[in-house]
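Report on one structure; see the data block that follows.
The values are calculated or read from the model by the stated rules, or taken from the named source; none is laboratory data. On a predicted model such as this, the values are computed, not experimentally measured, just so you know. Quick reminder, even Gly has a Cβ in these numbers, built from the backbone with ideal geometry, and neighbours come from all protein chains shown.
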Amino acid sequence: MAVIRKSITFTEQQEAYVKSLIEQGFYTNDSEYVRDIIRKDQERRKHVVDLNEALIEGMESGPSDATIDSIWEEAISEHNARQ
């Protein structure tokens with residue numbers, strides 16, 4: 001993977017925060033921290049897109065004949081199957 005150099009600007013408060021994370025051993029340098037933020041943002045945005053797609057699918061599927069009890073039973077069964 002190619003590496004591209006970027007220049008970014010931090011406020012003094014942001015710089016102090018990033019330095020404190022590095023000093024605590026969470027990251028080895030500023031770039032590692034920024035890359036981690038980007039990865040987490042990508043994951044969060046993918047989750048939002050997936051959730052929106054599921055909501056649209058649910059709304060387009062129309063009303064359900066399921067009862068509250070049957071929905072709970074199915075949810076509990078699915079949860080137990082993952083355990």
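Could you please find all residues in region 16-70 being more than 30 Å from R5 (Cα to Cα) and loosely packed, with under 10 Cβ neighbours inside 10 Å? Quick ask: steps written out before the conclusion?
At the first step, the residues of region 16-70 found to be more than 30 Å from R5 (Cα to Cα) are 50-70.
Selection gives E57, M59, E60, S61, G62, P63, S64, D65, T67, I68, D69.
Check whether at least one residue in region 2-10 is in a loop (DSSP other than H, G, I, E, B), of a type in the set (S, T, Y), surrounded by 10 or more Cβ atoms within 10 Å (Cβ to Cβ) and at negative phi, and report yes or no.
In the first step, residues of region 2-10 are kept if they are in a loop (DSSP other than H, G, I, E, B); the result is 2-10.
The next check asks that each one be of a type in the set (S, T, Y); those that pass are 7, 9.
Next, from what is left, pick out any that are surrounded by 10 or more Cβ atoms within 10 Å (Cβ to Cβ): none.
So far as region 2-10 goes, no, none of its residues is in a loop (DSSP other than H, G, I, E, B), of a type in the set (S, T, Y), surrounded by 10 or more Cβ atoms within 10 Å (Cβ to Cβ) and at negative phi.
Inspect region 30-48 for any residue being over 30 Å from T9 (Cα atoms) and aliphatic (A, V, I, L, M) and give the result as yes or no.
No, there is no match, as no residue in region 30-48 is over 30 Å from T9 (Cα atoms) and aliphatic (A, V, I, L, M).
Quick test for you: out of D50, D36, D65, D69, pick the one residue that is acidic (D, E) and modelled with pLDDT under 95.
Going through D50, D36, D65, D69 in turn, just one is acidic (D, E) and modelled with pLDDT under 95: D65.
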